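Before any comments, here is the structure.
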Amino acid sequence: MNKEENKIIGRVVATEKKPNTAQSFSFWTNLDSPVGIGTIVKIESDRVYTDKKNEEYKRTIYGIVNEGISYTDLETPMHDYISADCEPTANHLAQTERPEIRYYTASVLKMEPEEPIQPVAIGNVFLAQDADVEKSLRMDSYPASQIPVGLYVNGENQSPVYLDSNFLLGPEAAHLNVTGVSGLATKTSIIEFLLSSIFQKYTSESNDKIATVLFNVKGYDLLFLDQPAETLSEDEKEMYKKLNMEVKAFKNVQYFAPYKDDSVNLNTLRTNEHLMHNVKPLSWGLEEIFDHVQVLLNSDDIDAKADAFLSFMKEKVINQDKLDSHYCVHKKIKNFNDLEEWFQRIFAEAGDEEKGNGEGKQQWRGHAIPTIRKIYNRLMNIKTRCKGLVTNDSSVHDLPWGNFEDKGVYVVDIAGMIPLAQDLVFTRIVEKLKEQLEKKNLFEGKNKEEKEGKVIIFVDELNKYASSDSGNSYLKQTLLEISERGRYLGLILFSAQQFKSQVHKRIVGNCGTSIYGRMDMDELASQGYSVMPSSIKAELTVLEKGKLLIRHPHFNQYIFVRFPRPPFMTSQDGSKKFPPVAERNFEDAMIMNFKRIDQKIKATDIKDLISGINKDEIIRAFNETERKGKDNPLEYFKNILRKKPQRESIDSKISVSPGGNDVYKDLFGKDNEL
């Protein structure tokens, strides 16, 4: 039992000038009382009430301090100046010690009984203990859906604080937003901690599966989620015990990254040989990206004519299995190579001046040739600008659609991509998640019930993707749809940014839970924080690492909590223990790619197989092997590799004359000299 338990620390006070209301009240405490901004207190009324059953009771009120002042009985500063004989060091000359009062204002969290709603009664003030914190935040109303988020700390007392999974992950409400300055607000850390908490504690009545898709947009941020933390302090470990959580890294993590321009080195910092076993390539062809081609085109490009031609292509060409010579579809258009041929047939048929013969026509099947040429240039440019992600052929490496695992973590590393490619990756993956969740076909299982579940997606730097002052982009519309409809599908958005005021209002407004780290005064001065008490704002500007402010549907007021560092290796520790490897040459890169599939494969076997083979053929064969031949990769690769016949040496081509003379000697002489 805490020594402060049941100890009276103050008294509720009300005056004519500052009366108590049903929403707020005031109280005074001793100078040594452990009360400050954010402290939760409990009030027991002096008066005894009688209910309808003639049973006596006292009213209990829970509140949280949001303002505090201190003053003495001095009327003016001049009185203190005179009493100190006009000398600051002479304060000991005062004949009497002036009384000083600590006076606090608190907002009501909960009343018992809740009806009728009345002003706060006069009574004694106590510090809230664990049970009081649980009642005041209404956490006792959802014991089966509690997700640990941190500890409410007041002196020696540490009380667990839980979020309600029904309001964090749906169906009642959903989505989480974290805001704060870069580096000090621990935005990524609280997201990682919450994901660990969810994976350990989340349960649902329908036994839904849960997984997360994370987009790594900055350096090493999310690259060591499968590595346990090595630098947690004893105090942090105690915090985990208090929250009844294990300190453990994620077990089932898969990383995805596109290739670099050379098509063999992965574009990620997770290139250390000890970490490559669960890193997989991400590459898409024409069929995968065409539905999202608007993301890749400038808004100026998509006029009515261009949009009409793109719709025509989608209906008559890309998604058409039937061949149609009228539209120059002589074979199924599967990749960019096929698309290039199709465009050339159009230009030839239309007699385009640049690509074909003749005078040149201005229309082809009702579409202007200049419009067709513009779309051609833009589409063909995609495979160049997004090289490594977008392929010319039909080789595709993707997330395991239809086979997501329960408590699976899928990290897509887009930190090294250009913004255009990042937008494409984010949009396509989110759209695919929506599609699969709607069809109840995302998770592995034998039937739809087993395939149902929820997916948490984490998007950092939300200012960039859904800015309030940018245009109405395809990507922003996708985020809006998630925030407004996602919880019905089981698609939950966890997001973070430095400036919440600059994010689209409907996106942050649909987030059921908001978390705030350290913040700038300029941000706090914006209109969105007008309802936040000034004392809370002042605290946020100096907030230390590991301490956050939380707003949740069950909490009537903002609550400060502390949380331990995530149970994963930090980006700083991980980059030192597993430093990235410099870009490998072709041979070494192929060896590493094979070892990603099977660690037992010997480097010498790979070298022997690829020796003297064209690089493009090696890449083609390996891509097919990774998709289809993982059971026996080396044997599969060997069988599909198209080896070109060795060129005959010059000696084999030099014949010996019928008379027995060597032609080589006939030409160059006996001693091989001219």
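The values are calculated or read from the model by the stated rules, or taken from the named source; none is laboratory data. Remember, it's a predicted structure, so these values are computed and weren't measured experimentally. Cβ sites come from the backbone with ideal geometry, for glycine too, and all protein chains shown count toward neighbours. Calculation scope for accessible area: heavy atoms of the full protein, side chains included, ligands and nucleic acids excluded. Shrake-Rupley method; radii C 1.70, N 1.55, O 1.52, S 1.80 Å.
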Tally the residues that are part of a loop (DSSP other than H, G, I, E, B), closer than 19 Å to Ser107 by Cα and open to solvent by 20 Å² or more (accessible area, probe 1.4 Å), restricting the search to the stretch 507-534.
3
Selected residue [among the hydrophobic types (A, V, I, L, M, F, W, C) and open to solvent by 30 Å² or more (accessible area, probe 1.4 Å)] from Leu184, Leu195:
Leu184
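If you check Ile69 against the conditions, is it buried (at least 16 other Cβ atoms within 10 Å of the Cβ), of a type in the set (Val, Ile, Thr) and within 52 Å of the chain's Cα centre (by Cα)? Please lay out each step first, then the result.
Numbers: buried (at least 16 other Cβ atoms within 10 Å of the Cβ): no; of a type in the set (Val, Ile, Thr): yes; within 52 Å of the chain's Cα centre (by Cα): yes.
The answer is no for Ile69.
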Does at least one position in the stretch 245-255 carry a residue that is open to solvent by less than 10 Å² (accessible area, probe 1.4 Å), closer than 30 Å to Pro564 by Cβ, outside any loop (DSSP other than H, G, I, E, B) and not hydrophobic (A, V, I, L, M, F, W, C)?
yes
Right, Gly219: open to solvent by less than 60 Å² (accessible area, probe 1.4 Å), touching a residue at least 60 places away in the same chain (Cβ under 8 Å) and at positive phi or not?
yes
If I ask for residues that are among the hydrophobic types (A, V, I, L, M, F, W, C), more than 16 Å from the chain's Cα centre (by Cα) and open to solvent by 20 Å² or more (accessible area, probe 1.4 Å), which ones from the stretch 386-433 would you list?
Val396, Trp401, Met417, Ile418, Leu420
Scan the stretch 101-115 and give yes if some residue there is open to solvent by less than 60 Å² (accessible area, probe 1.4 Å), touching a residue at least 60 places away in the same chain (Cβ under 8 Å) and under 28 Å from Arg487 (Cβ atoms), otherwise no.
yes
Test for Lys316: is it open to solvent by 20 Å² or more (accessible area, probe 1.4 Å) and in contact with a Phe, Trp or Tyr (Cβ under 6 Å, 6 or more places away or on another chain)
yes
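Just need a number here: residues in the stretch 435-462 that are crowded, with 20+ Cβ neighbours inside 10 Å and part of a helix (DSSP H, G or I). Spell out how you get there, then give the answer.
Looking only at the stretch 435-462, we keep the residues that are crowded, with 20+ Cβ neighbours inside 10 Å, and these are 436-437, 442-443, 451, 453-460, 462.
Now drop any that are not part of a helix (DSSP H, G or I), which leaves 436-437, 451, 462.
Total meeting the criteria: 4.
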Among the listed residues Lys135, Lys52, which satisfies the condition of being basic (Lys, Arg), touching a Phe, Trp or Tyr at 6+ places or on another chain (Cβ under 7 Å) and either under 19 Å from Tyr558 (Cβ atoms) or free of Cβ contacts under 8 Å to residues at least 40 places away in the same chain (or both)?
Lys135
Would you check if Asp262 is surrounded by 14 or more Cβ atoms within 10 Å (Cβ to Cβ) and over 23 Å from Thr371 (Cα atoms)?
yes
Name every residue in the stretch 158-188 that is at positive phi and either hydrophobic (A, V, I, L, M, F, W, C) or without any contact (Cβ under 8 Å) to a residue 60 or more places away in the chain (or both), in order of residue number.
Gly183
